[in-house]
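Read through the structure below, which is laid out as structure tokens, and then see the notes.
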């Protein structure tokens, strides 16, 4: 049975298509019409009570949250290639950047854009300036976040950074742009972009 990804091209599910293309396993997309509320129907809520995509089904496994999906796919299908082996010390760095995107970059950028007021010591994502400095430390002077080894961390972390740059939620520092340009050159990334664009065209979706 092929992996099934519940999908909409203008959600985080688009990045999961990239994950699947990097992993290289068969999968099928199941489009959900968000405007029609298909993501809030009982069958979908049974899979993800949040009523959001992406949702990935792999035989009896159901995985939600895009970072968790990436970690799952890399460990199950690309261990040692897209995920460091379990006895590799760099696995700690790998996990760090995989979870940094949803836990720090996303809320940190949103907080700045919306002018949230909060006590920094109580916010796991800290302050915006520290976040930018930390991202710089991940991508400056190296090809990928693990050095010369491309990994699922680059899909999760890099996909988030690319999105933030595209929508001007983070300033386009030269090292950010260079890193994201390298990501765009990956064949799997290009295939995923084409797949998402095709779905959007077929479904008559505007932007």
Can you give the relative contact order of segment 91-186 as a percent, counting alpha carbon pairs under 8 Å and 6+ residues apart?
35 percent
Between the alpha carbon centres of segment 143-204 and segment 120-141 the gap in Å comes to 19 Å
Rounded to 5, the percent of DSSP beta bridges in the chain classed as antiparallel
55 percent
Rounded to the nearest 500, what is the chain's calculated 222 nm mean residue ellipticity when only DSSP H runs of at least 4 contribute -39500 (n - 2.57) each, over all residues?
-15000 deg cm²/dmol
Rh (Kirkwood; distinct C-alpha pairs) - segment 1-78, Å:
12.4 Å
What does the C-alpha gyration tensor say about the overall shape of segment 153-207? Classify as rounded when a/c is under 1.5, otherwise prolate if a/b is larger than b/c, or oblate.
oblate
Per q in 0.13, 0.16 Å⁻¹, report the Debye log10 I(q)/I(0) for the chain, using one uniform scatterer on each alpha carbon and no solvent.
-0.76, -1.14
Shape call for segment 91-186 from the C-alpha gyration tensor, a ≥ b ≥ c root eigenvalues: rounded (a/c under 1.5), prolate (a/b greater than b/c) or oblate?
prolate
Before anything else, pin down the relative contact order of the chain: Cα pairs under 8 Å, at least 6 apart, normalised by residue count, whole percent.
23 percent
Specify the inter-centroid distance of segment 35-91 and segment 4-18, based on alpha-carbon positions, in whole Å.
11 Å
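Read the figures in this text as sums done on the coordinates, not as results from a lab. Since the structure is predicted, the reported quantities are computational estimates derived from the model, not experimental observations.
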